[in-house]
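Data first, discussion second: the structure below is written as structure tokens.
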Amino acid sequence: MTIHDPRTRHGDASDGTADQVGGRLSRVDGPAKITGAAKYAVEQQLDGLTYGVLVESTIASGKVRSIDTSAAEAAPGVLKVLTPDTIMPLKTASDWFGTPPPDKPYCPLARDITFSGQHVAAVIAETFEQAVAAAALVKVSYDETPAIVDLSDAKAGDGIPIAAMTKEWGDAQAAFAAAPVRVCGAYNTPREYQAPMEPHGLIARWEGDKLTVWEPSQWLDGMARTYAEWFGVPFENVRLVSPYIGGGFGSKALALGHGAVAAAAAKMLGRPVRVVMTRPQTFTGYGGRAATRQTVTIGADRDGKIQSIVHRGVNETSIDGMWVEPLGVVTSIMYATPNFSSKQNVVRVNSVVPGAMRAPGENPSAFGIESAIDELAYEVGIDPLEIRLRNYAEQDPHAKKAWSTRQLREAFAAGAEHFGWAQRTPKPRSMRNGNQLIGWGVAAGTYPVRRAYGEAIVRILANGSVEVESSSIDMGQGTYTILAQTAAERSEEHTSVAGGSRLAGVMTGAVYKAATSALDQLVGLAISDPRSPFHALQANTLVVANGRIRSPRGDGPDVSIADLLASVGRDRIEATGDTMPANSTAEDRYKNYTTIAAALPHTEGDYSRHSWCAHFIEVRVDEDFGTVRVSRVVSALDSGRLYNPKLAESQWKGGIIMGIGQALLEEGIVDRRHGRIVNNNLGDYLVPTNADIPDIEVISVGIPDLHSSVLGGKGVGELAIVGVAPAIANAVFHATGKRIRDLPITLEKLI
Ligand code: MCN
Ligand code: MOS
């Protein structure tokens, strides 16, 4: 990597500056992953490694009456069988908002069962096979009670109102009642799962009261804090090593129960313990996207101008955990409306507590509002693209603040142009090819710019190379590439979660500041050190490029950085950069890196900051069989300035592909008798494969947004999934005349 000023150079592969910000550098970790050289967390070979296997509840609600471990304990190679009675006591950790932990014990093995698949025991053995065999010998008996299976269970009720989710202005009910045109729809999304290729797992090793954990992690500092709190050891005593991550999609941000079991077993045994989830366990070992229900009612004029939006939402949470999937977040900002009301409840069901999955909140929220506005378009007989422009929000309708940047109009224009939207015939069922009904749909998406804190160290080394060090991670988004970073291991510097699409903006900012300061030091040395060849030049600045340093006028010496450092007797220059608030204390820093709550709100200050996108999608529906194929996608996206367009395009396409899966395939099916997830494997829980995915065209319409980040970029990672499912549902309506308000759009809903 060469040091440069990213604000003045816009690199591009074509001009030989692919390795600079804005350049199309390929993923630096790509070759290691493709050749198998990349060593993932649980592949580390450690002396004395032992293997743990989890035993899980087979009921969804009730109590463990007894656990008979005698046969398992007598089985070959078994070192320990852990139950709620024999596992060492742990302490409750704070939640990810940083709410201080209640002074309560924590037991990762359950006596009180609140969902099927809950960890109740664990077997640790010399080999993996011995642990698997012995785990099958653990006999658990239960006192079962009736479970609340899901949102549609009569026992579920209306749930708990979440006052913080209420957003209201004007008089939405009265304006709706008075509106000449009204539409109302109920939109549902099922339980969905992140399904990363690499299942969750870890190796835990204690040396005295110091814990090392090799674990895929979206958030080294947050996870380390949880381990430290569970075991009552200082934060500094926990070292988390997360070299590569085989996908996370939100599921690898927190330390989870199986991690507590592994670390406790390692402590009790005095040997390192490895626990890896089976694929079925990944469906209950952590939460996927919560199932949601929304009603959206829109009142409008006959010319399609919105007068009122009333929105009500519900999402599932678990019996003893709280997950709020914010359903009004897109509803409240996408369109201008003088009257608005959004409220949300959460309903407790016997499931694992749901969790973050790519664009939590925005994703289901957009399915509601972007389907509903399409319904309004047909109701008033206006083109679905035109109605979106008529209701364009010129400022944030909820925060009542100016957008930092909003290139959504540009996104609609570019997407429509490349897609050929003008050729669309408005009537449903009016476009076909043989027995294939063709439909064209449009929908918009958005994701807030979440800002947080990060630190980085930049070193200019004696051989002229530059090292960047931070504790940020790369699960495939491209962090290592954009930071040209060599290792991800929590060391002295810290960073926020790779979640909420914040990491790139935070860390490029920190690295930029560190690099600028390293450069300043280098130039300062060169000008002021009497041993420097530039000392006599009396210049007040120098140019550093391609590993060399010279005067801007071209007179005087032109030497390599290595030679300069040698001449002044230095082996390196090191500088730290951060995106911390000024005058922050050590305590602030700890909080800022280990809790979500410390992040700056996206509407802080004078601006409302968001990424935006518009998806144009063609589907082909077999008239006889009801099978839906997505045949064409053109999406135009505004993520501000792109640090690496090649990687951003790849991120966007990944999001769109995930959106196609959500629209057509993905659904966790609950067994109504036992409250189990029936399709808890990748043979039955379908995610898209290459054969499901057409050519996808992505167009960047962003402009640098300096209100959002140091270098002008906005979020990329989650944006593109938002709006894909409604664009497909809208296309399916255009193809067939059937409005599917219940994901996924499977053939039985169409025939
Ligand atoms: N980028 C860019 N220009 C910008 C912003 C980002 O070129 N202005 C590019 C960079 O390559 C950067 C990537 O986009 O590495 C993502 O940046 P950002 O939007 O800041 O997102 P994070 O780094 O915080 O990554 C998290 C985000 C989330 S929250 C989920 S969920 C998700 C996602 O990234 N999970 C993923 N993308 C994923 N991609 C892969 N392969 N695997 C996952 O699990
Ligand atoms: Mo992403 S769901 O915020 O990790």
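The values are calculated or read from the model by the stated rules, or taken from the named source; none is laboratory data. Here the structure is a predicted model, which means the values were calculated and not measured. Using ideal geometry, Cβ is built from the backbone for each residue, glycine included, and neighbour counts are taken over all protein chains shown. For the accessible areas, the whole protein counts, side chains as well, though only heavy atoms, and no ligand, DNA or RNA atoms are used. Shrake-Rupley method; radii C 1.70, N 1.55, O 1.52, S 1.80 Å.
Tabulated data for the structure shown
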read-out: D_trans [Stokes-Einstein, Kirkwood Rh over alpha-carbon pairs] for segment 65-192, 25 °C, 0.890 mPa s, µm² s⁻¹; value: 123 µm²/s
read-out: Whole-Å semi-axes of segment 579-673's equivalent ellipsoid (Cα gyration tensor); value: 40, 21, 12
read-out: Karplus-derived 3J(HN,Hα), 6.51/-1.76/1.60, for each residue of segment 161-176, Hz, glycine and proline x; value: x, 9, 4, 5, 8, 5, 10, 8, 8, x, 10, 5, 5, 5, 5, 5
read-out: Per-selection Rg to Rh, segment 277-420 - Cα, Kirkwood hydrodynamic radius; value: 1.05
read-out: Loop-located trypsin sites (Lys or Arg not before Pro) in segment 34-136 whose Cβ has at most 15 other Cβ within 10 Å (DSSP); value: 39, 111
read-out: Burial order of peptide ranges 649-657, 145-153, 687-695, 289-297 (average beta-carbon count within 10 Å, highest first); value: 289-297, 649-657, 145-153, 687-695
read-out: Amide hydrogen neighbours beyond the local backbone of residue 638, cut-off 5 Å, H modeled; value: 612, 613, 701
read-out: Mean Cβ neighbour count within 10 Å, used as a protection proxy, ranking 579-591, 598-610 highest first; value: 598-610, 579-591
read-out: Separation in nanometres of the label points that stand 7 Å from Cα toward Cβ, at residue 586 and residue 566; value: 4.1 nm
read-out: Whichever aspartates and glutamates have a C-alpha closer than 15 Å to that of residue 210, once near sequence neighbours (fewer than 8 apart) are set aside; value: 229, 236
read-out: Residues of segment 675-751: accessible area per residue with a 1.4 Å probe, Å²; value: 37 Å²
read-out: Volume per residue of the C-alpha convex hull in segment 612-751, rounded to whole Å³; value: 136 Å³
read-out: Segment 228-363, accessible area per residue, ligands and nucleic acids excluded (1.4 Å, Å²); value: 25 Å²
read-out: Globularity ratio of segment 441-596, using Cα Rg and 2.2 N^0.38 Å; value: 1.25
read-out: For the chain: Kirkwood Rh in Å [reciprocal of mean 1/r, alpha carbons]; value: 27.6 Å
read-out: Distance violations [Cα-Cα > 28 Å] among 63/155; 343/591; 167/513; 252/738; value: 343/591; 167/513; 252/738
read-out: Restricting segment 78-134 to chymotrypsin sites (Phe, Trp or Tyr not before Pro) in coil, as DSSP defines it, with at most 16 other Cβ within 10 Å; value: 97
read-out: Two-site FRET efficiency, residue 73 against residue 462, from Cβ-Cβ distance with R₀ of 56 Å, rounded to 0.05; value: 0.45
read-out: Separation of alpha-carbon centers, segment 48-89 and segment 597-629, rounded to whole Å; value: 44 Å
read-out: Calculated FRET value between residue 155 and residue 97, using beta carbons and R₀ = 35 Å, to 0.05; value: 0.75
read-out: Value at 222 nm in deg cm²/dmol, rounded to 500, when DSSP H runs of n ≥ 4 in the chain each add -39,500 (n - 2.57); value: -7000 deg cm²/dmol
read-out: Other-chain or far-sequence residues with amide H under 5 Å of residue 543's (modelled H); value: 550, 551
read-out: For segment 670-707 and segment 442-458, distance of Cα centres in Å; value: 21 Å
read-out: Peptides ranked, highest mean first, by Cβ atoms within 10 Å: ranges 721-732, 365-376, 406-417; value: 721-732, 365-376, 406-417
read-out: Gyration tensor over alpha-carbon atoms, segment 213-305, equivalent ellipsoid semi-axes in Å; value: 40, 16, 13
read-out: Of all accessible heavy-atom area on the chain, the percent that carbon and sulfur account for (1.4 Å); value: 53 percent
